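Novice: I am attaching a structure below and will ask some questions about it afterwards.
Bear in mind that the values in this text are calculations on the coordinates, not laboratory data. This is a predicted model, so every value here is computed, not measured. Using ideal geometry, Cβ is built from the backbone for each residue, glycine included, and neighbour counts are taken over all protein chains shown.
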Amino acid sequence: MKLFSRSLWRSFFLKNTQRFSPVFISFTLLMIVLVYFLVYFTGGTQNAYLHAMYVPVVFISAVYGVKGGVIIGIIAGVLLGPLMPHDTVNMIMQDSVNWIYRMIYFIGVGALVGFILDRVRSQYDMIHDLYTHSTDTGLPNYQMYLSKYNEHDEDQADISLTFLINNYEDILVLVGRSHYAELLKKIYETLIAVLHESSIYQVDVCKLWIELSQKSFKNNYVKMLQKFEEETFIINGVPLFVDLSIGVYIGKSEDFSRLEAFRASEIAALYAKKNMLKYSIYQSDFSYPHYKLERLGALPRAIKNNELFLEYHPIVNLKTGQVSAFEALVRWRKDGEIISPLDFIPLAEETKLIDAITEWIVKQVIKDYALLTNENDVMVNINLSQRNLYNPSLIESIIENIKKENYKDKTIGVEMTESTVMLNLNLTRTLLTSLKDAGIPMAIDDFGTGYSTLACLSELPIDRLKIDRNFVARMFQDKGTEQLIQMIVNYAHELDIEVIAEGIETKNFEDALANMGCDFGQGFYYAKPMTVEDAKVFMAKYNGKTKKS
Ligand code: C2E
Ligand code: MG
Ligand code: MG
């Protein structure tokens with residue numbers, strides 16, 4: 001036992017369980033007995049040593065409160081009263097008035113200290129209660145989980161479960177805060193009733209964490225799913241539709257701490273939500289929290305230390321056969337390994353780091369641009385992320401940076417994926433207009449992977465549209481896809497939008513897409529993404545070869 005740890009002493013003064021442990025009671029009794037012998041062997045109550053009795057009186061009443069203080073006062077009074085001579089050498093006993101008077105002092109001090117500490121304890125309990133329970137629902141919260149977790153570090157649960165209310169915002173708007181709290185309490189009670197477990201915590205406004213033993217999981221998990229399938233939660237007379245996703249992490253693991261096991265179950269719950277499943281069990285190929293955090297943590301350093309670099313992928317004009325543009329694609333050289341943008345851009349997009357990355361890319365493209373083009377008239381496209389749209393000052397700084405270099409219009413353009421554009425059409429339209437006004441062309445990337453942008457094309461100030469490579473890849477297998485591509489090309493042309501076909505890997509695709517009227521092509525048929533120096537050489541060679549006289 002760590003005798004001098006702060007939390008141990010705090011728990012003796014503040015928590016009932018430790019205060020009444022046999023070890024602690026024996027310790028307090030030993031203190032009184034020691035003082036008794038100290039007074040006895042130093043000659044009795046005639047000496048000042050008797051005041052040492054205030055130490056156990058104060059200590060014990062602090063620990064046991066008013067009642068404990070009064071009892072210890074009486075015991076101390078008796079021990080140093082009728083049971084203790086005034087002079088132990090000549091065995092002269094004390095006057096009764098003397099020891100009674102002293103006992104009253106002991107009782108008074110004990111009761112006062114006990115009273116003060118009782119007040120402190122009740123305030124502590126109140127604050128602790130507020131801290132460890134949700135203020136709206138009164139359910140045990142994340143802090144409660146953490147306090148338990150610290151106490152039983154070793155003892156990891158068998159199963160960690162995250163319970164997510166997907167449509168909580170709709171419910172909140174519909175029924176209001178207090179009725180939403182009522183719903184959460186009902187869900188909590190239902191869980192307790194089905195699972196017979198009390199380790200349930202409301203860790204967020206829409207999220208519960210549950211720890212289960214293997215046995216309880218086996219016996220009750222399916223029952224729980226059924227129960228929530230059948231149950232209708234009626235709040236304020238309204239039967240609510242509660243859209244739930246459950247994420248499960250099974251087993252103790254050396255790789256995962258207890259908290260990480262919950263994070264894994266959260267990831268599983270989010271997976272279930274995204275895929276419209278009722279529940280999902282964590283698989284190792286779901287994004288791994290360790291790995292995510294480690295990569296995210298290393299990203300700011302990567303930006304500062306120039307670990308990021310760009311490769312350029314040519315875009316060829318299908319009519320002239322000349323390289324018309326390059327797409328700048330970012331990579332990360334991390335500890336000698338090259339990491340694909342697909343493995344860190346989505347992570348960065350979950351944080352503000354994506355803005356710093358985009359800023360770095362813009363500056364690097366501006367530097368490379370001078371090298372890439374002296375006499376050639378070529379454009380470079382930069383990919384913008386969805387999150388970049390939420391930072392208008394970044395967009396302003398992109399425009400400013402591009403304009404500062406005195407480029408002709410339409411030399412550096414941006415690409416934004418179809419799904420990004422659709423996410424917030426009004427915002428995108430405003431941003432695209434400001435880019436367009438600044439002479440920066442705009443392309444919609446990965447067209448065909450999202451929904452319904454076709455109808456919105458006429459409303460957007462875009463210059464180019466890139467048909468997604470997965471879509472292109474299907475065109476020879478599926479007549480419908482081919483017809484759809486043809487339709488997109490025709491419609492885009494009507495709106496004065498040029499079309500780039502992505503993912504051209506063979507001559508067949510190039511020919512077919514050129515026949516369909518596509519203006520540009522991009523793909524491994526021409527080249528793989530390459531450094532700026534190689535891109536320059538490639539362009540000179542390719543243009544020389546394909547120049548039509
Ligand atoms: P994207 O913007 O659609 O970029 C095209 C991706 O398709 C590139 O992969 C490119 O190498 C690949 N590609 C092009 N032609 C072919 C082909 O014929 N066959 C095959 N199999 N692949 C082809 P990459 O470089 O891995 O980039 C993947 C995605 O990462 C990009 O898709 C883009 O969404 C994102 N990304 C890349 N660089 C950046 C960046 O600088 N900023 C942002 N925000 N995202 C970036
Ligand atoms: Mg792109
Ligand atoms: Mg693309």
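Novice: Say R0 is 51 Å: what FRET efficiency, to the nearest 0.05, do ASP496 and GLU169 get from their beta-carbon distance?
Specialist: 0.80
Novice: Quick one: which of 49-59, 421-431, 65-75 comes out on top by average Cβ neighbours within 10 Å, and what's the full order, highest first?
Specialist: 65-75, 49-59, 421-431
Novice: When ranked by the protection proxy of mean other Cβ atoms within 10 Å per residue, highest first, what sequence do the peptides 487-500, 83-96, 257-270, 233-246 form?
Specialist: Highest to lowest by the protection proxy: 257-270, 487-500, 233-246, 83-96.
Novice: Could you check what % of the DSSP bridge pairs in the chain are antiparallel, to the nearest 5?
Specialist: 60 percent
Novice: Applying 1/(1 + (r/R0)^6) with R0 = 45 Å to the Cβ-Cβ distance of GLN46 and SER213, what FRET efficiency is obtained, to the nearest 0.05?
Specialist: With R0 = 45 Å, the Cβ-Cβ based efficiency is 0.10.
Novice: Listed highest first by mean packing, meaning other Cβ atoms within 10 Å per residue, what order do 320-331, 37-48 come in?
Specialist: 320-331, 37-48
Novice: Take the Cα pairs of the chain, get the Kirkwood Rh, then feed it into Stokes-Einstein at 25 °C and 0.890 mPa s and tell me D in µm²/s.
Specialist: For these conditions, the coefficient is 81 µm²/s.
Novice: Quick check on the range 59-210: take the gyration tensor over C-alpha atoms, sort the square-rooted eigenvalues as a ≥ b ≥ c, and tell me if it's rounded (a/c under 1.5), prolate or oblate.
Specialist: Verdict is prolate for the range 59-210.
Novice: Taking a temperature of 25 °C and a viscosity of 0.890 mPa s, what whole-number D in µm²/s does Stokes-Einstein yield for the range 142-286 with Rh from Kirkwood over alpha carbon pairs?
Specialist: In µm²/s, the coefficient rounds to 157.
Novice: Given a cut-off of 22 Å, what percent of all Cα-Cα pairs of the range 397-511 lie beyond it?
Specialist: Counting pairs separated by more than 22 Å, the tail of P(r) holds 36 percent.
Novice: For a label point 7 Å from the Cα of SER122 along Cα→C-beta, name the residues of the range 61-82 whose backbone N is under 13 Å from it.
Specialist: Under cut-off, by backbone N: 66-67.
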